[in-house]
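The values are calculated or read from the model by the stated rules, or taken from the named source; none is laboratory data. Computed from a prediction, not measured in an experiment: that's the story for all the values here. Please note: Cβ atoms are built from the backbone with ideal geometry, for glycine as well, and neighbour counts cover all protein chains shown. Just so you know, the surface numbers come from the protein's heavy atoms only, side chains and all, with ligands and any DNA or RNA stripped out. Shrake-Rupley method; radii C 1.70, N 1.55, O 1.52, S 1.80 Å.
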Amino acid sequence: MRSTNGSAAAATEPSHETGTTMSESDGRSSRDRNLYRHLYRNPTWELCDIASLAGYSVAEVEESCLRLSRMGLLTPSANVPCGYATVDPDAALARLLTHEEQQLTVHLQQMSGIREAISSLVQDFPDLRSDRREQVEIETLTTTSMVNAFLKDAGSTVRTRMRAMHPGGPPPESLVYDMLLRDNELAARGIKVDGLYQRRTAESSYMATYLADAARPGREIRTSESLPLRMILFDDNLAVLPTDPQDSGRGAVAIHGETLVKSLHAVYNAFWYSSAPLGWEVEQSGLGAPALDSQELLVVRMLAAGVKDDAIARRLGVSSRTLSRLVSALLEKLGARTRFQAALRVGELGLLSEPMERHRAVLHVYPTWPVGPGGREEAGR
């Protein structure tokens, strides 16, 4: 039975708001507000009575009740006919804010725990990262004098070998005497020295005097038509490269670190194996040497150096089967049946890393940082 509380007012109250431009969400909010007012004013009515009065279907009324319940404005109750008891809006808002504050407190506590965990990890991260990274130090040498002073010190402390790549033309003649003295110092200490020069270096008149000197143990010079940049390598852990390959006057960088320097040795080797031993062209004349192309010559030198087949194949960019065919063709060209016979043959022909004794010559290879006028590389460097 309906209560008489506010029945006249309820009869004259509009059932719900309408409008052709109202969105579906606004329509639901309007419906929720109307139903909340009806339920608040008529707590003893059935839901079907509320639906009839408001002009909604029972399904729409139940849907609105669920939304109002989630907002805290209705609470399920078996003591009222409609199944829901209304909650004062101020009380509902207070409860909602209290609940949200509690949730926020929990969230802030979780965030604080995450922050502490990350802070702890960050403190330990440098140690963890150092386990995976090798320390590489780069030292900047801003002037030519600084570079030469550094090279002098490095030459004094080198332990086993030094390798130098010198692009362009010969160094200034004024530096040659000092370089020769330093060459002798390295030789006296038993340091193995390799030098790569552009071929036109040997054409200089004042450099030609060095070519008459007999080769010394632990020394080897090769020449190439073109080299990319000046590079000096000390042992396996120090490299000196120009800051600007086109202008040595801008200084250099010294790279300390075994991993990176090993990679630079690989770059050096790529030019080393494809270059010619100093005086090689002289030896070939009159010796009846077979005509070998650049790839065959590279294979000969790597085989003589003890490089394994798989490494040679990678260097050439070919398969192991293709390399086997290349080696077979090379043996045939050299008139050899085995690799041992081929090694003897290429030694006789002067195709190995060291030319024949009577033709070998020495070119100074102690490092320096020669520059032309204004600090730039000599023409053609």
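Can you name the condition, by its number, that ALA276 falls short on among (1) open to solvent by 20 Å² or more (accessible area, probe 1.4 Å); (2) at pLDDT 70 or above; (3) among the small types (Gly, Ala, Ser)?
That leaves (1) as the condition not met.
Among the candidates PHE125, PHE150, which residue alone is modelled with pLDDT under 90 and under 32 Å from the mean Cα position of the chain (by Cα)? Let's see the steps before the verdict.
Details: PHE150 fails: modelled with pLDDT under 90.
Step by step, each of PHE125, PHE150 is checked, and only PHE125 is modelled with pLDDT under 90 and under 32 Å from the mean Cα position of the chain (by Cα).
Could you figure out which of (1) modelled with pLDDT of 60 or more; (2) in contact with a Leu (Cβ under 7 Å, 6 or more places away or on another chain); (3) farther than 29 Å from LEU97 by Cβ isn't true of SER57?
All conditions are met except number (2).
Search segment 251-263 for residues being at negative phi, touching a residue at least 60 places away in the same chain (Cβ under 8 Å) and crowded, with 18+ Cβ neighbours inside 10 Å, and hand back the single one that is farthest from the chain's Cα centre (by Cα).
ALA252
So which residues in segment 223-243 are assigned to a strand (DSSP E or B) and of a type in the set (Ser, Thr, Tyr), if there are any at all? Walk me through it before giving the result.
Keep residues of segment 223-243 that are assigned to a strand (DSSP E or B), which gives 223-224, 231-234, 238-242.
Scanning segment 223-243 gives THR223, SER224.
Check whether at least one residue in segment 206-226 is open to solvent by 60 Å² or more (accessible area, probe 1.4 Å) and at pLDDT 75 or above, and report yes or no.
yes
Please find, among TYR177, TYR197, the residue that is modelled with pLDDT under 85 and within 32 Å of the chain's Cα centre (by Cα). It would help to see each step written out before you state the result.
Details: TYR177 fails: within 32 Å of the chain's Cα centre (by Cα).
Only one candidate passes the filter, namely TYR197.
Please tell me if ARG159 is modelled with pLDDT under 90 and surrounded by fewer than 13 Cβ atoms within 10 Å (Cβ to Cβ).
In short, no.
What do you reckon, is SER64 among the polar types (S, T, N, Q), more than 60 Å from the chain's Cα centre (by Cα) and assigned to a helix (DSSP H, G or I)?
no
For residues in segment 239-249 being under 23 Å from the mean Cα position of the chain (by Cα) and open to solvent by less than 20 Å² (accessible area, probe 1.4 Å), which is nearest to ILE191 (Cα to Cα)?
ALA239
Condition first: at pLDDT 80 or above, more than 21 Å from ASN269 (Cβ to Cβ), in contact with a Lys or Arg (Cβ under 7 Å, 6 or more places away or on another chain) and in a helix (DSSP H, G or I). Can you find one or more residues in segment 335-358 that meet it?
no
In segment 33-46, which residue that is part of a helix (DSSP H, G or I) and surrounded by fewer than 18 Cβ atoms within 10 Å (Cβ to Cβ) is farthest from the chain's Cα centre (by Cα)?
ARG41
Filter segment 182-204 down to the residues that are among the β-branched types (Val, Ile, Thr) and either surrounded by fewer than 16 Cβ atoms within 10 Å (Cβ to Cβ) or more than 19 Å from ASP153 (Cα to Cα) (or both) and list them by number.
Across segment 182-204, the qualifying residue is only THR201.
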